[in-house]
Amino acid sequence: MLRYKYTPPINFCYTNHTVLEREGITSREKMHKTASSSTLGPEGLDIAQSFFKPIQGASPPPSTSRNTKISVVGVGNVGMAIAQTILTQAIADEIALVDVNADKLRGEMLDLQHAAAFLPRTKISSSVDYSNTVGSDLVIVTAGARQIPGESRLNLLQRNLALFSKVIPPLATKSPDAILMIVSNPVDVLTYVAWKLSGFPSNRVIGSGTNLDSSRFRFLIADHLDLNAQDVQAYIVGEHGDSSVALWSSISVGGVPILSFLERQQIAYEKHTLEKIHKEVVEGAYEVISLKGYTSWAIGYSVASLARAILRDQRSIHPVSVLAKGFYGIDGGEPFLSLPAQLGRSGVLGVTNVHLTEEEEKKLQESAKTILEVQAQLGI
């Protein structure tokens, strides 16, 4: 019979500890020096602080270790697509549904509860009362007034402002440490409204923004190149709407910057081709709405990805609507628009310092101006 001699694994921690002590570095100093992998070099350069810039008025991250709770306000097509996706992906321990339509609300809750045998264990509750949202870690707001044929955009906004005045304050009171995520459209302006009405720090009020637009963008590029969209890195920033900005200069496939690759290979490309793809992104939602009456599944997956990034402290980067003051030459007012932001347990951890061309930066500033003009008319 063959006998194997057990050889214990090398204790790298012990070895390094010994070497460090031999060189006169104490355990406390060692812990300090190795506490963060983001510090490099003898001077302890903190790359994270250089790469991400915090938004103005941010609060420190919370320290909690309990079950996670998500509240979804509004159980229409979008709200239920979000709730269903969050359930199937086991992102939260509890989901609370809130809506003014008591019958539909209870029906949606029961329909989800009856699928319990096929889903990860999650408590599902519903109520027309905001007390159902108490203790939420994340509150997702999908409720909003729909545009009446012939109604002006400003009048629609005023009606949504009146609605949010009734919705946001009680949500903030019931869950004062929560993160607010606004999905209702026009999302950028309503995220600003929610920030003002909640009194929350800016890092804890986020709009779903152009996260879905960027997904459409990545899909179209991947479809054009016949590859997996997950291998494409591309952002749409600015307004979630007609003045959005496609960051062509930052697109990469498998880590290879697209435009510089085309230039190196002397492959000709025309600007109008790029603009056509961006136009398809902007018009994508309108096409879906014209065909099926509403959008739901894509925004459900988009918001679920944001919820996962936040509640699991994934520190991943998503283009979401944030307070953009102080970024890319946006200095006037307090516009909310989408920028590539790092998301974690305290909401927006910072905005990525993505390089923008002069043209892209100018378009982003124009997008901010468009949003500011609308915000100014709300009088809050």
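The values are calculated or read from the model by the stated rules, or taken from the named source; none is laboratory data. In this text the structure is predicted, and so the values were computed from the model without any measurement. Cβ coordinates were reconstructed from backbone atoms using ideal geometry, including for glycine residues, and neighbour counts include every protein chain displayed. Heads up: the accessible areas ignore ligands, DNA and RNA and are worked out on the full protein's heavy atoms, side chains in. Shrake-Rupley method; radii C 1.70, N 1.55, O 1.52, S 1.80 Å.
If you check Thr352, Thr357, which single one turns out to be surrounded by fewer than 24 Cβ atoms within 10 Å (Cβ to Cβ), within 20 Å of the chain's Cα centre (by Cα) and under 25 Å from His278 (Cβ atoms)?
Numbers: Thr357 fails: within 20 Å of the chain's Cα centre (by Cα).
Only one candidate passes the filter, namely Thr352.
Condition first: closer than 17 Å to Val72 by Cα, of a type in the set (Ser, Thr, Tyr), open to solvent by less than 50 Å² (accessible area, probe 1.4 Å) and part of a helix (DSSP H, G or I). Can you find one or more residues in the range 198-212 that meet it?
Yes, the range 198-212 has at least one match.
Would the range 156-174 turn up any residue that is of a type in the set (D, E, K, R), under 17 Å from the mean Cα position of the chain (by Cα) and crowded, with 18+ Cβ neighbours inside 10 Å?
We begin by selecting, within the range 156-174, every residue of a type in the set (D, E, K, R); these are 159, 166, 174.
From the residues that got through so far, the ones that are under 17 Å from the mean Cα position of the chain (by Cα) too are none.
Among the residues of the range 156-174, not one is of a type in the set (D, E, K, R), under 17 Å from the mean Cα position of the chain (by Cα) and crowded, with 18+ Cβ neighbours inside 10 Å, which makes the answer no.
Report, by residue number, each residue of the range 360-373 that is farther than 11 Å from Ala246 by Cβ and acidic (Asp, Glu).
Once the filter is applied, which keeps residues that are farther than 11 Å from Ala246 by Cβ and acidic (Asp, Glu), the range 360-373 yields Glu361, Glu366, Glu373.
If you go through the range 222-247, how many residues are part of a helix (DSSP H, G or I) and at pLDDT 85 or above? Talk me through it step by step, then tell me what you get.
Within the range 222-247, the subset part of a helix (DSSP H, G or I) is 222-225, 229-231.
Still in the running and at pLDDT 85 or above: 222-223, 229-231.
Total meeting the criteria: 5.
Quick grid of which residues meet (1) β-branched (Val, Ile, Thr); (2) within 30 Å of the chain's Cα centre (by Cα); (3) at pLDDT 95 or above:
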residue: Asn16; (1), (2), (3): no, no, no
residue: Glu23; (1), (2), (3): no, no, no
residue: Gly74; (1), (2), (3): no, yes, yes
residue: Met80; (1), (2), (3): no, yes, yes
residue: Asp103; (1), (2), (3): no, no, yes
residue: Gly107; (1), (2), (3): no, yes, yes
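Please enumerate the residues belonging to the range 360-377 that are crowded, with 16+ Cβ neighbours inside 10 Å, over 15 Å from Ser214 (Cβ atoms) and either among the hydrophobic types (A, V, I, L, M, F, W, C) or in contact (Cβ under 8 Å) with a residue 40 or more places away in the chain (or both).
Lys363, Ala368, Thr370, Ile371, Leu372, Val374, Gln375
Return the only residue of Ile55, Ile82, Ile95, Ile86 being part of a strand (DSSP E or B), aliphatic (A, V, I, L, M) and surrounded by 15 or more Cβ atoms within 10 Å (Cβ to Cβ). Give the derivation first.
Details: Ile55 fails: part of a strand (DSSP E or B); Ile82 fails: part of a strand (DSSP E or B); Ile86 fails: part of a strand (DSSP E or B).
Just a single option satisfies the conditions, and that option is Ile95.
In the range 107-131, how many residues are surrounded by fewer than 16 Cβ atoms within 10 Å (Cβ to Cβ) and more than 21 Å from Ala172 (Cα to Cα)?
First pass over the range 107-131, keeping only residues surrounded by fewer than 16 Cβ atoms within 10 Å (Cβ to Cβ): 107, 110-111, 113-121, 123, 125, 128-129, 131.
Now drop any that are not more than 21 Å from Ala172 (Cα to Cα), which leaves 107, 110-111, 113-121, 123.
The total comes to 13.
Please determine, by comparing only the residues of the range 318-337 that are over 19 Å from Thr142 (Cα atoms) and in contact with a Phe, Trp or Tyr (Cβ under 9 Å, 6 or more places away or on another chain), which one is surrounded by the fewest Cβ atoms within 10 Å (Cβ to Cβ).
Checked the range 318-337; the qualifying residue surrounded by the fewest Cβ atoms within 10 Å (Cβ to Cβ) is Glu334.
How many of the residues making up the range 299-317 are without any contact (Cβ under 8 Å) to a residue 60 or more places away in the chain, surrounded by fewer than 21 Cβ atoms within 10 Å (Cβ to Cβ) and not charged (D, E, K, R)?
Restricting attention to the range 299-317, the residues satisfying the condition of being without any contact (Cβ under 8 Å) to a residue 60 or more places away in the chain are 309, 313-317.
With the extra rule that they be surrounded by fewer than 21 Cβ atoms within 10 Å (Cβ to Cβ), the set shrinks to 313-317.
Checking the rest, the ones that are also not charged (D, E, K, R) come to 314, 316-317.
Total meeting the criteria: 3.
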